[in-house]
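*Asks:* Below are the structure tokens for one structure; questions will follow.
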Amino acid sequence: MGSAEGPSALKEVEAPAPPPPGARRQRWARAADAARAAALSPKFQLASQLAVGAALVSLYTLIDAVRFPGSCFCWTVFLVTSVIMSPEPHVGTRLRAVSSFLGNTVIAAVPAGLLCTLAELIAPAPSPAALALYCTLGPALLALLTVNRVAQSPPMLWAAGMDTLLIGGTVLIQGFAQRDPTALWRDSIGLGLLAAIAGACAVTLAVALLVLPTLASDQAGWRLFPGAAAMLRSCFGGSIEPRVRTGLAGVLQGAGASASRTAARLLCPPGALPGCGGGAPHLEPLLLGQKVVELLPGLHAPDEEADSEEALMQHYERKTAGAPPESCCAAPPPGGAPRPPGKRPAAAAAPANANGGGEAPAPPRLKTAASLGGVGPQTACSVEARGGPIYCLGPGLRAVELLLPAAASEPPWLLPARYDAAAFAALVAATARMLSSLAAFESILESGTVLNEALHHPAYVSALRAALAGVAASLARTAGALAASAGPRGASEAAALGAAAAEARAGWEEARRRLREGVAEEQEGYWGGLLARARGGTDGAPAMVLPLTESRATFFAYSAAQAAVDAAESLEAAARRALLGGDAPSAAGDAPPAGGAAAPPPRGSCFGWLLQLGRLFLGLALFANWRKVLGQDLPRALCSWEAVRAALRSRVVQAGLKIWAVLSALLVATFAAMQLRAELSQPNLNLLMAYVAAVLSMSERTEATASKVFAWLVSTAAGAAAGYGLMASPAAASPAALGAALSALSLSAGLLCAGQFQLTVVLGLMTFGSEVLCEYAGCCGASTASLTFFASRVVSVCAGVALSAAVSSFVAPWYTSSWALETMAAAYKVAAQLPASGYKKLRDDAAEAEGAASEAERAAAEAEGKEGAAVICSEAARNGGGADGGTRAVGGGGGAVGLGGANSNDATGAAGEGAQGPEAEAAADEAAFAAAPDFSEFCRVLRAQVAEPLTAVQASLILDTTLWQRGVYATPPIVPQLLHALLWLLPPLEAMVAALRPPDVSGRFVGLSFRELVVAPHAKQTIVLCALRDLAAAVERHLAAPTAGSGERLRLQIESLLRARIAARAAAARARVALHARVAGRGGDVSRHIHADDVVRAMGFMHAYIHALDRAIGVARVALRRER
């Protein structure tokens, strides 16, 4: 029976299963969703606008009644303003592009026209003198205009410089061909150039307003026409996302997840779940801190000076060799630029552990932020946690920030009633501050530190947990209100956020109060427990001072939590003002600009948008850059031969010289060709298009690989061939057919108008349009289907593209990877000065507090503690190699204060430190802090000179336009590796700001404990800071010109810094013993001898400072791979 049923059973198994019910309907639904997503995509929006714009622009030529001289030039201007100058197809972006282009036209056309008039008055053409004059004054004008073409900031100034070069060269060529000043101003500039530019700009604005219009401030639902929006919603079931609102909401959601993740990793016992307790296992002890020194019978402290130098060097090598996470390289670039095909985001990776060994286990994360407020650490560990570091959100926030100028340029009658550009700018600044505070909190986890009731005061741990829960819940609440603000529930969500203002204010005050009380109880509990065990004598296990790393993190957690609470309160207030208007209740006043964020535009004026556009039209940025370059940079560069050579070595100067040389060569060649052959002066035969193509394709860096240049040339030839074929067909006699063909090609090509295909599409459309529009009805003197015109256009454009690519690639090439390394080296050099800035602030505050302390109080305290301290110090000297174990007291005390992360037995003694005279100390201070910025500039410098350049490199790697995977054009591995290491350096630098917050436990510094915490190790720390400065210089030299010698010098500099840290650790260890000896010897009320604000400031800062040193050395170790 088995054999009989076997085949039947087999057939039943092999029979295809019937399709599930509704499968066909699901496939159709998925297809409809895909079609809807494509129809609502920015690419389709841009393609539609290009198609309609092409039809409108062609009317200037195809309709006899509106045709004017130079009407075919409208097509080129339309492509430039719609594609090249508009990174986003919003109304505000197009308004800024049009205003800038019109202003740039006037700025360039007037001096070019005057130059042509002057040349004709001095030496009328076509004489050799006129040619010589044009060939002299023309390049001189281009040199002035090129200054803005290679400008590095503000972001779109380079585009304005490109416009001036385009217009200036066009006027010069037309002036040489015209040879009549009156006709030049009337026909070429007035009725020709200016009319063409005005017509093209009018079309650009028309399509922005009429064809799928969106606003930079609120891209939801095409709000300009509510009826059309409703119809489109009914057809497509959605709308283009609101860029500013949803962008901010996404950043805040990520920040809330980070707060929950940090809480889950920090506030749970280690080993509860894999990855819990910091995401990185503790380093092997390497026999560090195994010996203790007995301060009193029953009171022991780790003997850091007993650690061997060899063990410490191994410890630091392992601590600074870890590869940073590589989860942020593919973050969205600034401005929302699309990702090129084939570029996929790197897989999210957990931070590498401190040993440098691969990825750490994934840490747990809270599913709800509020759950931290009332659950124990085991519950917090029972939930999932995954995600990248907080700095991964930086590019997304930068993308939103870059949209703010466009949003501020949109007329108020086009904006939703509840949108306030100034309020949203303040909200972006508050969000940046929030990210900075959370990045500071994340730095606690680097050492694998966890805080729980087993080792710390329960009130302190509970306060930290509640603070983080409140921050995470606030971020989720604000993100939800922002995300819903563009929809039908926006008003209710905003009202709910405003109604909770008073409750939120009370909640934040309660969180601050609990943190203050918790850290005070932590301090009292530590010293109380320590001294109680010590007074008990030798009965039982001796009390042990808490280890350095955990002590620093314990008190830094207070500063980080307070900074996060302040930032969350400011963020909520800024969100209420943005969603409810200027009269919304505020819980914390106006949010200050965070991290140097740009100040919001002035509020309260209905004409602010006109002021924004007026500045662009007047070209104020152009004139400001000219003033800076010609008034400051140029005289400085010409002050000596060394300065001249340094300027010529500058990559920016070299790029400017190459651009000027290419454009000047084409300009002079055009003049010479028209001088030698008069027929080349005709518009249909001259080399103007070669100049235009070079202006559009020339770039500062060598990005034009052979494959890209080939694509440009093929696109040029294909566009011209398609236009020639169209004009040779019967459709050439039909204006409607020509306009339809131009529109259809623009629609299909516009879908590719992104990333590396942008210039390819522009060149193809430009040559196609010139063939069609210039040959129609004899415009520009060309006949229909003229092979001569076809050849001249193709040869001209290809010559301009090929020459610019050849010069960029073979004359002083500046590859994108070289630019990235130079940019990162400069950012690292600035970042290496920021620890000195923070340490100087710490030292200055300590000196001021000591000076303000009562002399009588200090004298009494010293007299009271002198005898006890002498006894304890003698005990410590006699028992320096005491027992190897001991019982730790509960809590984290001041004994672990501010001790640099490295020490050695070879460090000089206190007598040696005291032997340094005032002059030597002053010289050391000057060397350590000479280049450090003032702390008031810390946030601005960190953002403008470190974070933003790194974001630019990040975006460049994402938009890597080269098609080569190997060879000189491929991005070497050192570039992303160094970028990741530098991004990893940002959190501890942000943490310094949180650690140096004003005192708020008692409201003041006393200064009694600063002598041990700050003053004693100061001399050794200045040596560390000098070594860090020298390390940054060595990294910069090695990245610029890697050799075996530079690599060896960099290794020696790393070793020198490590040895300086070892000496600083020894000095801090002695100060640590002295502090415990002084406090334990005096007895009585501990608050009279050590102050909570002093300890929080010194220990918290040293936590961030030590991590900054570790990661700065890690960057240098990555830079060593440059020679491989």
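Rule-based calculations on the coordinates, nothing more; no lab input. Every value quoted in this text rests on a predicted model; they were computed, and no experiment measured them. Positions of Cβ are generated from backbone atoms using ideal geometry, with glycine treated the same way; all protein chains shown enter the neighbour counts.
*Asks:* Quick one: of LYS319/LYS1020; LYS628/LYS708; LYS841/LYS1020; LYS43/LYS829; LYS829/LYS1020, which pairs are farther than 28 Å apart, Cα to Cα?
*Replies:* Pairs exceeding the cut-off: LYS628/LYS708; LYS43/LYS829.
*Asks:* So how do SER817, SER437, SER153 line up by other beta-carbon neighbours within 10 Å, fewest first?
*Replies:* SER153, SER817, SER437
*Asks:* Within the range 25-89, report the chymotrypsin sites (Phe, Trp or Tyr not before Pro) that DSSP leaves as loop and that have at most 14 other Cβ atoms within 10 Å.
*Replies:* On the way: sites: TRP28, PHE44, TYR60, PHE73, TRP75, PHE78; in loops: none.
Nothing satisfies the criteria.
*Asks:* While we're looking at this one, here's another question. What residues have an amide H closer than 5 Å to that of LEU299, excluding those fewer than 5 places away on the same chain, when H is modeled at 1.01 Å from N in the peptide plane?
*Replies:* Answer set, sorted by chain and number: ALA543.
*Asks:* Further question: Taking neighbour Cβ counts within 10 Å as the exposure measure, how do LEU191, LEU252 sort from fewest upward?
*Replies:* LEU191, LEU252
*Asks:* Residue by residue, what Karplus-based ³J(HN,Hα) values in Hz, rounded to whole numbers, does the range 99-115 have, using 6.51, -1.76 and 1.60 with θ = phi - 60° and x for Gly and Pro?
*Replies:* Rounded to whole hertz, the list is 4, 5, 5, 5, x, 5, 4, 5, 4, 8, 6, 5, x, 5, x, 4, 5.
*Asks:* Using θ = phi - 60° and the Karplus relation 6.51 cos²θ - 1.76 cosθ + 1.60, list the HN-Hα couplings for the range 1057-1073 in order, rounded to whole Hz, with x at every Gly or Pro.
*Replies:* Along the range 1057-1073, the couplings run 5, 5, 5, 5, 5, 4, 5, 5, 5, 5, 5, 5, 5, 5, 5, 5, 5 Hz.
*Asks:* Just flag the trypsin sites (Lys or Arg not before Pro) in the range 621-696 sitting in loop per DSSP whose Cβ has no more than 15 other Cβ atoms within 10 Å.
*Replies:* For trypsin sites (Lys or Arg not before Pro) across the range 621-696 that sit outside H, G, I, E and B with at most 15 neighbouring Cβ atoms in 10 Å, the list reads ARG677.
*Asks:* Can you run phi through the Karplus equation (6.51, -1.76, 1.60; θ = phi - 60°) for the range 1107-1113 and list ³J(HN,Hα) in whole Hz, with x for Gly and Pro?
*Replies:* My calculation for the range 1107-1113 gives 5, 5, 5, 4, 6, 5, 5 Hz in order.
*Asks:* What number do you get for the range 985-1102 when its Cα radius of gyration is normalised by 2.2 N^0.38 Å, N = residues?
*Replies:* Normalised by 2.2 N^0.38 Å, the Cα Rg of the range 985-1102 equals 1.38.
*Asks:* Out of residues 5 or more away from THR702 or on other chains, whose amide H comes under 5 Å of its own, with H placed 1.01 Å from N in the peptide plane?
*Replies:* Counting only residues 5 or more places away or on other chains, the set is TRP814, TYR815, THR816.
*Asks:* Pick out, in residue order, every one of the GluC sites (Glu not before Pro) in the range 764-828 that is DSSP loop and has at most 13 other C-beta atoms within 10 Å; say none if there are none. Spell out each step's value before the answer.
*Replies:* Working: sites: GLU771, GLU775, GLU822; in loops: none.
For GluC sites (Glu not before Pro) across the range 764-828 that sit outside H, G, I, E and B with at most 13 neighbouring Cβ atoms in 10 Å, the list is empty.
*Asks:* Any chance you could check the Cα centroid distance between the range 168-200 and the range 717-750 for me, in angstrom?
*Replies:* Here the answer is 27 Å between Cα centres.
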